[in-house]
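> A single structure is presented below for examination.
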Amino acid sequence: MTKPLNPFILADGTKPSCMEMLQLILDGEATAEQQVYFKAHMDHCLPCFKSYDLDTTIKELLKTRCCGDSVPNELVDQIKTQISKNLAL
Amino acid sequence: MEEAPKQSYSDQEKNDIFNNEFLPHIKSMYNFGFRLTFDQDDAKDLVQDTYLKAYRFIESFQKGTNAKAWLFRILKNSFINDYRKKTKEPSKVDYQEVETYYNSEDVDRQITPDLRVESLKDMIGDEISNALNSLDVDFRTVIILCDLEGFKYEEMAKILDIPIGTVRSRLHRARNLLKEKLSEYAKSMGYKNTEL
Ligand SMILES: [Zn+2]
């Protein structure tokens, strides 16, 4: 049986590193084929296996912890007022 | 974002686009502004300025296309051209160095200290947010766009006017710096670098 071709290999033949593959997976930029390949790869690559969990956790934490600030109430009104003022000019 | 052929909208259409396609992004815009400037008033000014520009140039926006990316690009440009100039914050990052770093052979070398999922889960205060804020503005920006706002690489490239390859390398470097910061916090919380 021949080993399946690595679908991450670039057109010019460059083979991406583990971290580069992981980044594409993490950011939802990998194709379906690349996802399948990476899943299999992760089973026998300890650095990828460990980093996957860690990086996914960090990404989730960033999203939940850093997006919560509320917008000052008056901001939308100020913008709308400013626009109608400009229109009146 | 691409120079779309100029549209022609009635006043009613302009208001509809503004209210239904632009304003729903105000929370993300404000968060972006605040994380760039760390100041509520400056963030408000940036956001207001962005929306005024968006209205003024609304006919360069094609209805139904990616309003969020379009708005983020305007805000980013206002930040660089108006705010940064005003405050004269020097750009501290040498990108040449970043690119060389990324293309070097040992890119897979484990450069970040051991950081564990369990220690991250125990960071229930502002650690994550503070770690993000500690990054230089250009690294902070790619993390905000990618991880907080969920933009695709291609959208980020357009928002930032840089090639996709640079988006990827900058993101990679930014995440390593973030992990270094987080492991500092973990260490101060008493976690040891216990290697299995
Ligand atoms: Zn690997």
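The values are calculated or read from the model by the stated rules, or taken from the named source; none is laboratory data. These numbers were taken from a predicted model, which means no experiment stands behind them. Positions of Cβ are generated from backbone atoms using ideal geometry, with glycine treated the same way; all protein chains shown enter the neighbour counts.
> Given chain A, what helices (runs of 4 or more DSSP H) lie entirely inside it while holding 2 or more residues that are free of Cβ contacts under 8 Å to residues at least 24 places away in the same chain and away from the ligand (no atom under 16 Å from the Cβ)?
Correct list: A:46-65, A:74-88.
> If B:K63 passes every condition in (1) touching a Gly at 6+ places or on another chain (Cβ under 6 Å); (2) part of a loop (DSSP other than H, G, I, E, B) but one, which one does it miss?
Going through the list (1) touching a Gly at 6+ places or on another chain (Cβ under 6 Å); (2) part of a loop (DSSP other than H, G, I, E, B), B:K63 breaks only (1).
> Still on this structure, please answer the following. Output the residues belonging to region A:59-70 that are hydrophobic (A, V, I, L, M, F, W, C) and modelled with pLDDT of 90 or more.
Within region A:59-70, A:L61, A:L62, A:C66 meet the criteria.
> Report, by residue number, each residue of region A:1-48 that is more than 14 Å from chain B (Cβ to nearest Cβ) and of a type in the set (V, I, T).
Answer for region A:1-48, where residues must be more than 14 Å from chain B (Cβ to nearest Cβ) and of a type in the set (V, I, T): A:T2, A:I9, A:V36.
> Still on this structure: Can you pull out the residues in region A:59-78 that are closer than 18 Å to B:K121 by Cα and hydrophobic (A, V, I, L, M, F, W, C)?
The answer is A:L61, A:L62, A:C66, A:C67.
> Name the residues in region A:52-75 that are of a type in the set (V, I, T) and buried (at least 16 other Cβ atoms within 10 Å of the Cβ), would you?
A:T57, A:I58, A:V71
> Against the definition (under 12 Å from the mean Cα position of the chain (by Cα) and in contact (Cβ under 8 Å) with a residue 24 or more places away in the chain), how does B:A157 come out, yes or no?
In short, no.
Every residue, every condition in (1) over 23 Å from B:A69 (Cα atoms); (2) surrounded by fewer than 21 Cβ atoms within 10 Å (Cβ to Cβ); (3) modelled with pLDDT of 85 or more, yes or no:
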{"site": "B:E105", "(1), (2), (3)": "yes, yes, no"}
{"site": "B:D114", "(1), (2), (3)": "yes, yes, no"}
{"site": "B:V117", "(1), (2), (3)": "yes, yes, yes"}
{"site": "B:G125", "(1), (2), (3)": "yes, yes, no"}
{"site": "B:L132", "(1), (2), (3)": "no, no, yes"}
{"site": "B:D136", "(1), (2), (3)": "no, yes, yes"}
{"site": "B:D161", "(1), (2), (3)": "no, yes, yes"}
{"site": "B:R170", "(1), (2), (3)": "no, no, yes"}
{"site": "B:E184", "(1), (2), (3)": "yes, yes, yes"}
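> A follow-up question, please. Hey, can you tell me all the residues within region B:18-35 that are buried (at least 22 other Cβ atoms within 10 Å of the Cβ) and among the aliphatic types (A, V, I, L, M)?
Listed by number, the list holds a single entry, B:M29.
> Looking at A:I9, is it farther than 30 Å from B:G33 by Cβ, out of contact with any strand residue (DSSP E or B) (no Cβ under 8 Å at 6 or more places or on another chain) and at pLDDT 95 or above?
no
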